[in-house]
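Reviewing the structure listed below.
The values are calculated or read from the model by the stated rules, or taken from the named source; none is laboratory data. Because the structure is a prediction, the values reported are computed rather than measured. All Cβ positions, glycine included, derive from the backbone under ideal geometry; neighbour counts span all protein chains shown. Only protein heavy atoms, including side chains, enter the accessible area calculation; ligands, DNA and RNA are left aside. Shrake-Rupley method; radii C 1.70, N 1.55, O 1.52, S 1.80 Å.
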Amino acid sequence: MKTAEELWNLLHQAHELPYGAAQIALVEQVLRHVDTAGDPALAFYSRLLATTAYMYGGEPVKSFPTFSWCVADFDRKPAPYHERWTHNLLWLFKNMVSMLTKFPEIPLARTYAVLDDMERRYREHGQGMQAVYKHRYLVAEHVGQTEEAQAWFDKWQAAPRDELSDCAGCDPTSLAHHLIGKGRFAEAVELSEPVLTGDLSCNEQPQSILSELMVAYLRSGHPAEAADAHRRSYLVERNNLADLGGIGDHISFCARTGNEHRGLEILQRHIDWLDRAPSPSSAMWFAASSAQLLRRITERGHGDAVIRRSGKPDITAAELAGELSAFATETASRFDARNGTSHQSESVRRELDAQPYETAVQLSATARPAPTGPVVVPPAPVEAVPEPPAAIPAEASLAELLDLAERYRDEDRDAAFDEVVDAIGERFGMPEEPLLAARLWALRGYRLPDDAHAETILVWETAAELFTAAGETGEAISMRARIAAERLNLGDEGGVVEAVRADAEHQDQHGDAAQRASAWLRLSNVLLQLDRLDEATVAGDRADECAAESGDPRRVAYHARMRARLLAMTHRHEEAVAAARSAWQFYRENGPAGMSADAAMVFGQLTEDPAEALAAFDEVLSIGLPGAEFAVRIQRGRALMRLDRAGEAIGDLAEAVALSAEQGQDETGVFARHELAQAYRMTGRTAEAIEVAEEALLGYERFEAQERADDCRFLLAGLYEAFGDRNRALAGYRDLIERLADNPAGRGQIGERAGQLLYDMDRDSEAALTFLASAESLREAGDLPGELRLLRRRLMALNYADETPAAEELIGLFARRYAELPEELAAHPGMIWEQSIFAFEVGNLLMRRGRFGEAVPHLRDAPDRLREIEAIDDADRVTNMLAEALLRSGSAKEAEEMLDKLLAGLRPDSPARETALGLRDEAREPS
């Protein structure tokens, strides 16, 4: 048996939980014991809380007996505790009236009886009739009594609001619903806008009014606002079974705005809720909206799409459409039989037959943004001018044409190179002379695609054999080095380095500067592929020397482009950026365009200047670089975010998501979604950020990318907090803390966020415990300043949790920890500030409990310490606290002198002036 105190504690815990199954379970645990605890107030309040938990947690049918018990107890034996909760009881009458209409098995007369009882009680307690008139209107509208509904509507609108009126969000929601039903969409929007900018603390807001406004925004010409209203309201309603009917509204909105796929995702997510629907009414509307969607899907040729249901066989969209339509129609007829009208059946039929709106709306946060204005195309660079055609003399010999082809290749004139090689084939075929044939076979290898490694090897092996037959040993060695590099691309490492190094050494003895440069660069690239970075760096440096000796600026630029990434990988970042910049500059001025785009890509990835990176990626996009668009979009989006232009980044990152889907690159698509969520976060589009980040997290989990998944979880927890879903945010932080068992620094940092959230939620005891655990984690990580910061925050939480003994124990612990700091760290301005503000919090703790004299020694030195580090405003604030402590502990004269000195030095706009003046006046008053 539990004591009354234990049961009260459980009720307090239940009150902190969000509406749903967990809260209901805890409340029911109390209900099982409450009648044996001997506490009538506990028995009454536990059932009052249970009534609310049932209604908002998705089990409203259980609220009828608990509410009836409370009414009977209230009437049977009035007691002081009833007075405390009279307002709550009267408020719940409104919920009861609304809920009774949602169950067709409950006679309508019962609803009217509760309405009459509600009116009587409101009058007896001196309350206005505004809420009564509203609920008479709602009942009449449910029944379909149009004239009576209008009469009650007029009375509701004419009556003044009072303390039992629905909240500042719910009343306008009902009014917006009324206006939308009459086609007055613009009026509904105009009415609701001030509500959305205000402070809404009701459990049903803002999701209810946003859900109503989806259609109003759309039909009044605001599709973007309609999409935002859908996203924001669904994010809240998706979490609670009680909102099943509202989820149906979202399914219908998707079906009628060209978002059938999204609607199907929502239906699949919630279809199992239908078996435990909060009420027949919510089940009916969810089923009708879902049937409408499934009809649309079937009409578009996808009636064989499969919907999965727990504990039931899979079913096709077409079959489920028929099943849900029949269910909604039959349920509506039950309501009409109860009500004596056909209104519900007519309403359901309209929902089932609803057609698409004239305006399509983009609801997916990862879809390519629809164009909203003129397309801005980056200016075309100089080298984008078409390459001039090859100049091929008609009388040229084979040797001359081979020379010409090799020159065009060295000049990066690929089209001209291809023309000459084609001309050789047409004029001369395959020459018999081995040297000429070898040169032609070598050129043919260069023409093959970059990824045709096996074919290239076969062609070049022929060239190498012919060079050997022609006595050109050096050319044969060089060709075999090229073959070795191609074999490495196929994963064959055997003898590769030896073959390529032999060529470099041979060219050092016999080749010119250009040949030496090519050989050493090839060796550097091979070593880089093998992750032998130190050797690759040595070879690369030698290649650069040879390229410079060649006097060929194009070769120097080519080497710079190829070497930039190796320089970056070996932490020679400044050299890497300089090399990439010089290569890009050369190719921009001299072409070809493809090489300029490639060099721009390298430079954009290496530079730390986001403006330079953006310019580089703009060029890559304007020219086009095969296979690079995904990377360009990601990198360009990042650059824009770094430039605080996250709104522009969204287009690039959404395009990256689309490209990954088109190319079947699911893993890169996950990464792109993570980046896109960050862009949405930076622009304040929190609902879209949550949607995309949740998709990214599912992807990371699927690919078992745990580190990235944890980064995404942290992002999501912050987004939930920004969205106002504090319980989900807290759960996210706690989940991360458990996952970071081996990362004390991470645990401490995330625990601090969780503690602050609990503190903001006025859950101060939990906040204090969380700050303590986080402080211990940071101490384990060696972060002593962080530990002291969290001990200070723990003191703040303990103060407001009224856990004074634990707070007093903490004062000593903080002093010991501060004394343990290394002397240099203790003298740091940040630590001096921390010590001084801790003293301020100690003063706050003691003075809130009237212990002014004890506060004085803690505060005495803090103002001077703060002034030494130029924390002037904080010093002034602590001085005021010290003066008040002196004043209240009997040292008025010292307090007055201190305040005189403070006021003499305060600037006119100082936030401490008003407090100081008030305290000084008090200090000057006669005892």
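List of remarks:
- Number of the exception - Gly258 against (1) buried (at least 23 other Cβ atoms within 10 Å of the Cβ); (2) not in a helix (DSSP H, G or I): (1)
- The residues of segment 397-408 that are surrounded by fewer than 18 Cβ atoms within 10 Å (Cβ to Cβ) and within 17 Å of Gly445 (Cβ to Cβ) amount to a single one, Glu406.
- For segment 140-158, a residue qualifies if it is free of Cβ contacts under 8 Å to residues at least 60 places away in the same chain, open to solvent by less than 50 Å² (accessible area, probe 1.4 Å) and not aliphatic (A, V, I, L, M), and the qualifying residues are Phe153, Trp156.
- Yes/no for Asp864 being in a helix (DSSP H, G or I), under 30 Å from Asp783 (Cβ atoms) and open to solvent by 70 Å² or more (accessible area, probe 1.4 Å): yes
- For segment 332-372, a residue qualifies if it is touching a Leu at 6+ places or on another chain (Cβ under 8 Å) and buried (at least 18 other Cβ atoms within 10 Å of the Cβ), and the qualifying residues are Arg338, Asn339, Val361, Ala365, Thr366.
- Test: residue in segment 899-919 that is under 23 Å from Arg849 (Cα atoms) and out of contact with any helix residue (DSSP H, G or I) (no Cβ under 7 Å at 6 or more places or on another chain): yes
- Given (1) under 30 Å from Gly843 (Cβ atoms); (2) assigned to a helix (DSSP H, G or I), number of the condition Asp735 does not satisfy: (1)
- Here Arg309 passes the criteria (1) in contact (Cβ under 8 Å) with a residue 40 or more places away in the chain; (2) not in a helix (DSSP H, G or I) except the one numbered (1).
- Within segment 814-838, being open to solvent by 40 Å² or more (accessible area, probe 1.4 Å) and among the hydrophobic types (A, V, I, L, M, F, W, C) holds for Ala815, Ala819, Leu825, Ala827, Trp833.
- Residue match in segment 797-812 (condition: modelled with pLDDT of 95 or more and under 25 Å from Glu870 (Cβ atoms)): no
- Boolean, Glu383 is modelled with pLDDT under 90 and open to solvent by less than 80 Å² (accessible area, probe 1.4 Å): yes
- For Arg726, the stated conditions hold: it is of a type in the set (Lys, Arg), more than 23 Å from Ala781 (Cα to Cα), surrounded by fewer than 21 Cβ atoms within 10 Å (Cβ to Cβ) and free of Cβ contacts under 8 Å to residues at least 60 places away in the same chain.
- Among residues of segment 637-663, those that are in a helix (DSSP H, G or I), free of Cβ contacts under 8 Å to residues at least 24 places away in the same chain and of a type outside the set (A, V, I, L, M, F, W, C), counted: 3
- Helices (runs of 4 or more DSSP H) (entirely within segment 1-92) containing at least 1 residues that are over 43 Å from the mean Cα position of the chain (by Cα): 4-16, 40-57, 63-76, 80-84
- Single residue of Asp802, Asp762, Asp742 found to be outside any helix (DSSP H, G or I), over 22 Å from Leu845 (Cβ atoms) and open to solvent by 60 Å² or more (accessible area, probe 1.4 Å): Asp742
- When Phe714, Phe630, Phe617 are screened for being surrounded by fewer than 21 Cβ atoms within 10 Å (Cβ to Cβ) and in a helix (DSSP H, G or I), only Phe714 passes.
- Within segment 641-697, the residues that satisfy the criterion of being of a type in the set (A, V, I, L, M, F, W, C), open to solvent by 20 Å² or more (accessible area, probe 1.4 Å) and more than 17 Å from the chain's Cα centre (by Cα) are Leu643, Ala661.
- Filter pass, Arg581 being at negative phi, in contact with a Phe, Trp or Tyr (Cβ under 8 Å, 6 or more places away or on another chain) and basic (Lys, Arg): yes
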